[in-house]
Amino acid sequence: MTASSTIRERLNWEVTPELYHQIRRLWIKHSIAEDRRDLEGLISTLSEDCVYEIMPTGQRWEGHDGARAFYTTFLGAFPDVHFDLAEIVIGPQGVIEVANMTGTHQGEWAGIAPTGRRLEMQIIIHFPWDPAAGKFAGEQIWFDRMALQGLMP
């Protein structure tokens, strides 16, 4: 995905069985690497100019170094994080995943000081597809900040 591509252009990207399977396989590889805390495995699924964004806060990390920093911070804040997939959509524009995230908030993340609480919250992640690289162009992450702060039941 290029910064100059518009949603109308992306909507016209052709879906083929081959492309669907390519994107699905890479998402599975990414998910397995995350479960194993395999940082280099995660990076291998990303384009060199990938962008990680936490949408509720506006935080942003760019490139492979940025992705490493994001994951180091995230996995440090939630060393026992676990995702239970609730919904998924795969298409030529990438992957949208809805997951129930659980973990103990032990370090600062998304600008929120650690609560020390075990959290359970729903998270939505968009993995935009970069057709030129044949990899993901990063992640856009949405969640309810009140849930992260433990202010919701």
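The values are calculated or read from the model by the stated rules, or taken from the named source; none is laboratory data. Remember, predicted model here, so these are calculated numbers, not experimental data. Every residue, glycine as well, gets a Cβ built from its backbone with ideal geometry; the counts of neighbours run over all protein chains shown. The protein model used for the area step is the full one, side chains on, heavy atoms only, and it has no ligands, DNA or RNA in it. Shrake-Rupley method; radii C 1.70, N 1.55, O 1.52, S 1.80 Å.
Key figures for this structure:
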read-out	value
Residue count, segment 101-114 (criterion: in contact with a Leu (Cβ under 8 Å, 6 or more places away or on another chain) and either among the aliphatic types (A, V, I, L, M) or open to solvent by 10 Å² or more (accessible area, probe 1.4 Å) (or both))	5
Residue pairs meeting the criteria (Cβ under 6 Å; at least 6 apart or on separate chains; first within 22 Å of Glu40 (Cα to Cα), in segment 8-29; second surrounded by 11 or more Cβ atoms within 10 Å (Cβ to Cβ) and β-branched (Val, Ile, Thr))	Ile23/Ile90; Arg24/Ile90; Leu26/Thr45; Trp27/Val95; Lys29/Thr45
Tabulated pairs, segment 119-142, first without any contact (Cβ under 8 Å) to a residue 60 or more places away in the chain and on the phi < 0 side of the Ramachandran plot, second part of a loop (DSSP other than H, G, I, E, B) and of a type in the set (D, E, K, R), C-beta under 7 angstrom, 6+ apart or interchain	Met121/Asp144
Ile96, sole failed condition from (1) surrounded by 16 or more Cβ atoms within 10 Å (Cβ to Cβ); (2) in a loop (DSSP other than H, G, I, E, B)	(2)
Lone unmet requirement of (1) in a helix (DSSP H, G or I); (2) more than 14 Å from the chain's Cα centre (by Cα) for Ser5	(1)
Filter pass, Arg117 being modelled with pLDDT under 95, in contact with a His (Cβ under 7 Å, 6 or more places away or on another chain) and either among the charged types (D, E, K, R) or within 19 Å of Ser44 (Cα to Cα) (or both)	yes
Residue list for segment 65-83, restricted to those being over 14 Å from the mean Cα position of the chain (by Cα) and under 17 Å from Met121 (Cα atoms)	Ala77, Phe78, Pro79, Asp80
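This table checks each residue for (1) surrounded by fewer than 11 Cβ atoms within 10 Å (Cβ to Cβ); (2) of a type in the set (A, V, I, L, M, F, W, C).
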residue: Leu11; (1), (2): yes, yes
residue: Glu14; (1), (2): yes, no
residue: Leu19; (1), (2): no, yes
residue: Gln22; (1), (2): no, no
residue: Lys29; (1), (2): no, no
residue: Ile32; (1), (2): no, yes
residue: Arg37; (1), (2): no, no
residue: Ile43; (1), (2): no, yes
residue: Asp49; (1), (2): no, no
